[in-house]
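Below is one structure, written out as structure tokens, with a few remarks after it.
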Amino acid sequence: MFPTADQIEHEAYLRWERRGGSHGNDRGDWCAAEQDLLLTLNYEVVAFHALNASAPQFVGSKGRRVCRFCEQAAPIATFSAVPLALPLFLENRSLFTYEECDDCHAHFASSVEADLEAFHTQLRSGPGPNSLSRASIAALKGLAKMALSIMPATELHSFEDTREWVVNPDHDFDLRLFGELGCGLHALPSIQADPWTALVRRVDDEAPMPYMLFFVGTASVVIQAPVPLSARDEDLDGTQTIIPRTDSSYAMGSEPSRQAPSPFRANSNEMRRNANSPV
């Protein structure tokens, strides 16, 4: 679903207002408004977590612990700890998971987290790439692993290939197969003080966009990436895929007064209903 010219013009005007009515960035406002609306009209939030909440949050159930990566339960798998769902270097201090066994936790810590931390550090140090073409396959797996960690359990069956990919330790084998996978990543400076993470899901299977997009935002950077290898994306093979790229202030719903609807706020359903009418 694509926004109309009237919708883009309206949202671009709101951006102009929020910048204090200064001129000289009309094209930038228009392009950013179009990207914001592509996300709003085509995606809905399925998971959202603050990463520095005042009380601990948990994925899964303490009563029956099954690893969502190796799919093993006790006593075959051991669960001696309740690990963080996202690593500490992403400023996560409050989101934990019951659904990651000791062996898988150790595997990810040794095989992907160092590359992901290095990539995050690269982005924090200055203007970084808007694609992961320069990051390692291990960093890509780290992003996908985090997406699986916060994904609603009802969605996991559509990401079996993703799960098998992230646990595969042979990163060199994957390099040729997934060399272009990172081109959908979007990274930009953050204006949010509080870290957060989210997943948004495509609402229309006819839309030429990835089924699921993953977000993680820290005080310094926001990373947005499609979750690869979903069975719900098989029909996109060989087609031109569009990935909306929205800025973090819009995604977090922080815009004051006259703000456009966002999939991170409750009124996105109304926006989609009005998709074919001027805003």
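The values are calculated or read from the model by the stated rules, or taken from the named source; none is laboratory data. Note that the structure is a prediction, hence the values are computed from the model and not measured. Note: ideal-geometry Cβ built from the backbone for every residue, glycine included; neighbour counts use all protein chains shown.
Tell me, which helices (runs of 4 or more DSSP H) wholly within region 1-120 include 1 or more residues that are at pLDDT below 90, out of contact with any Ser or Thr (no Cβ under 7 Å at 6 or more places or on another chain) and surrounded by fewer than 18 Cβ atoms within 10 Å (Cβ to Cβ)? Steps first, please.
Numbers: elements: 5-18, 26-42, 102-111.
Those helices (runs of 4 or more DSSP H) span 5-18, 26-42.
Condition check for Ala187 on (1) surrounded by 20 or more Cβ atoms within 10 Å (Cβ to Cβ); (2) at pLDDT 85 or above; (3) closer than 20 Å to Phe48 by Cβ: one failure, at (2). What do you reckon, is Pro75 of a type outside the set (Ser, Thr, Tyr) and touching an Asp or Glu at 6+ places or on another chain (Cβ under 6 Å)? Here the answer is no, as Pro75 does not meet what is asked.
The listed residues are Ala147, Ala153, and the only one of them that is modelled with pLDDT of 90 or more, closer than 21 Å to Val59 by Cα and surrounded by fewer than 20 Cβ atoms within 10 Å (Cβ to Cβ) turns out to be Ala153. Here Glu180 clears all of (1) acidic (Asp, Glu); (2) at pLDDT below 75; (3) in contact with a helix residue (DSSP H, G or I) (Cβ under 9 Å, 6 or more places away or on another chain) except the condition numbered (3).
Yes or no: Trp30 over 29 Å from Asp204 (Cβ atoms) and over 22 Å from the mean Cα position of the chain (by Cα)? Can you show your working first?
Numbers: over 29 Å from Asp204 (Cβ atoms): no; over 22 Å from the mean Cα position of the chain (by Cα): yes.
When the stated conditions are applied, Trp30 does not pass them.
Residue count for region 65-111 satisfying the condition of being among the aliphatic types (A, V, I, L, M) and within 22 Å of the chain's Cα centre (by Cα): 7.
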